[in-house]
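As C-alpha cells, the structure follows; a few thoughts come after it.
The values are calculated or read from the model by the stated rules, or taken from the named source; none is laboratory data. What you see is a predicted model, and the numbers here were worked out from it, not measured in a lab. Virtual Cβ from ideal backbone geometry, glycine too; neighbours counted across all protein chains shown. Note: areas computed on protein heavy atoms with side chains; ligands, DNA, RNA excluded. Shrake-Rupley method; radii C 1.70, N 1.55, O 1.52, S 1.80 Å.
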Amino acid sequence: MNNTTFSVCSLGTGTMGSTSTAAIASAGFQITLWGRSGASLERGMDSAEAAVRQLESSGLLRESSADVLGRVRPTTDLEEAVCSADFILESVSENVETKHAVLLEAEKYCRKDGIIGSNTSGLLPSAIASPLRNPERFVVTHFWNPAHLIPLVEVCPGEKTLPETVEAARRFLLSAGKRPAVLRKEANGFIANRLQFALLREALHIVESGVASMEEVDEAVKSSIGRRLADTGPFETADLGGLDVFSSIASYLFADLSADTKPPRLLTEKVREGLLGAKTGQGLYNWEPERKKEVLEARTRTLVHFLRQDRAEIK
C-alpha cells in the first residue's frame with residue numbers, strides 16, 4: 001500500500017478522532033479531519049497537534065511534527081471530506097443514532113469502493129451498519145486510547161461485512177503501523193474490553209468480599225500480570241506455566257470467581273453519587289490534579305517505552 005497516495009478521512013474531532021488522525025498522519029498518510037463546526041475542528045486540530053508533538057518529543061517520528069501535521073487537512077464540509085477517501089474512519093460520539101446520522105450522510109458522497117470503519121468501543125457493527133446502503137463495505141476498527149501510542153486496533157465484521165473489506169482494513173492498519181486483531185464474528189466488547197471487564201469484575205469482587213483493598217489489588221496487578229502480559233498473552237502464559245497446572249487450578253478456582261451479571265454495588269453507588277472518577281476528581285480513589293498528572297505521565301512513559309520497542313523490532 002502506498003501511504004502517500006492512499007487517502008483517509010477521519011470523521012469526528014474528539015479524543016479518539018484526533019489521536020487516531022495523529023497516528024495515521026504520522027505513518028505517512030494524507031488525512032482529512034472533519035468536524036461539525038469551526039470550533040470543534042479547532043479543538044480537534046489542537047488535540048492532534050499535541051499528540052504529534054508528543055510523538056516527536058519521544059523520538060518516535062522520522063520527520064518533523066510540522067511535516068506530519070502538513071498531511072492533515074481540516075474541513076467542516078462532509079462531502080469534501082469523504083468524496084475521494086479510500087478509507088473513512090468514523091469516530092463521532094458513542095451513540096448509535098448519532099453514528100447513523102453521520103454515516104448515512106457520508107454514504108451519499110463517498111466512493112462506491114470506499115471502506116467505512118467505525119471507531120466504536122462497544123456498539124455492534126451490524127447495529128451501526130443496519131441503515132447503510134452498502135453494509136458489506138462497513139467494518140468496526142476500534143482504536144485504543146490513546147490511539148497515537150497504543151498499537152492495537154480491533155477489526156470486527158458485521159453480519160454483512162465482506163471478507164475483502166476486513167482484509168483491506170487489516171492491510172491499511174498494518175501500513176499505518178498498527179497491530180490489528182481480527183474477530184471472526186461480532187461480539188459485545190470485542191476482545192480486549194471483554195478481557196478488561198472480566199478482570200475489573202473479579203477485582204471488584206475481591207474488594208467487596210473483603211479479601212483485599214483496592215490499593216492492594218491494583219499493586220498486585222501492576223507488579224505481576226500487568227508486566228508479564230506485555231510479552232505473553234493468556235494462552236501463551238498457560239502454555240508456559242503448564243496446562244496440567246492451569247487445569248488443576250481452574251478445577252477449584254473457577255467456581256469461586258465472580259459470576260455477576262450486573263454492575264456491582266461499588267460501581268453503581270459511586271455513579272449514583274456523581275463520583276465518576278478522575279474526570280470529577282473523585283471515584284474509587286480521590287484524584288487531586290497533581291496525582292492525576294503523575295499517573296497519566298507515568299502511563300505515557302510506559303506506552304512510549306513499548307512503542308519504541310515495537311519500532312526497534314520492525315527495523
Extension gain from ASP310 to ASP239, taking 0.36 nm per residue of separation minus the Cα-Cα distance: 23.2 nm
Suppose every Lys and Arg Cβ carries +1 and every Asp and Glu Cβ carries -1, with no other charges. What dipole size does the stretch 1-66 come out with about its Cα centre, to the nearest 20 debye? 120
Inter-label distance, nm, simple model (7 Å from Cα along the C-beta direction), ARG73/ALA250: 5.2
Counting Lys +1, Arg +1, Asp -1, Glu -1, what net charge surrounds PRO234 among other residues with beta carbon under 13 Å of its beta carbon? -1
Surface per residue (accessible, 1.4 Å probe) for the stretch 70-180, Å²: 40
Suppose only helical runs count, i.e. DSSP H with n ≥ 4. What mean residue ellipticity at 222 nm does that imply for the chain under -39500 (n - 2.57) per run, divided by all residues and rounded to the nearest 500 deg cm²/dmol? -15000 deg cm²/dmol
Proximal lysines to LYS112, defined as alpha-carbon separation beneath 20 angstrom and excluding residues fewer than eight positions away on the same chain: LYS99, LYS160
Trypsin sites (Lys or Arg not before Pro) in the stretch 90-144 lying in a DSSP loop, each with at most 15 other Cβ atoms within 10 Å of its Cβ, come to ARG111, LYS112, ARG133
How large a share of the accessible area of the stretch 116-236, in percent, is made up of carbon and sulfur atoms when the probe is 1.4 Å and the other protein chains stay in place? 57
Mind jotting down a quarter of the surface of the convex hull over the alpha carbons of the chain, in square nanometres, one decimal? 18.0
Can you compute the charge dipole magnitude of the stretch 156-214 about its Cα centre, using +1 on each Lys and Arg Cβ and -1 on each Asp and Glu Cβ, nothing else charged? Give it in debye, rounded to the nearest 20. 260
Rounded to one decimal in nm, the spacing of the 7 Å Cα→Cβ label points at ARG171 and ARG228 is 4.0
Under the Karplus relation with 6.51, -1.76 and 1.60 and θ = phi - 60°, whole-Hz ³J(HN,Hα) for the stretch 74-87, x at Gly and Pro, equal x, 7, 10, 9, 5, 4, 4, 5, 9, 4, 10, 6, 6, 9
Measuring from its Cα centre, the chain shows a charge dipole (+1 at each Lys and Arg Cβ, -1 at each Asp and Glu Cβ) which, in debye to the nearest 20, is 420
Count charges around GLY210 for me, please; just the other residues with Cβ under 15 Å from its Cβ, Lys/Arg as +1, Asp/Glu as -1. -4
Give me the number: length gained by fully extending GLU290 to GLU97, i.e. 0.36 nm times residue separation minus the C-alpha to C-alpha distance, one decimal in nm. 65.7 nm
Report relative contact order for the chain in percent, whole number only (criteria: Cα-Cα under 8 Å, sequence separation at least 6). 13
Computed Rg/Rh for the stretch 93-162 (Cα atoms; Rh = Kirkwood radius) stands at 0.96
Report, please, the projected area of the stretch 209-315 averaged over directions, based on the convex hull of its C-alpha atoms, in nm². 9.7
Pick out, from GLY210, SER93, ILE225, the residue whose Cα sits farthest towards the positive end of the charge dipole of the chain, with +1 on the Cβ of Lys and Arg and -1 on the Cβ of Asp and Glu. SER93
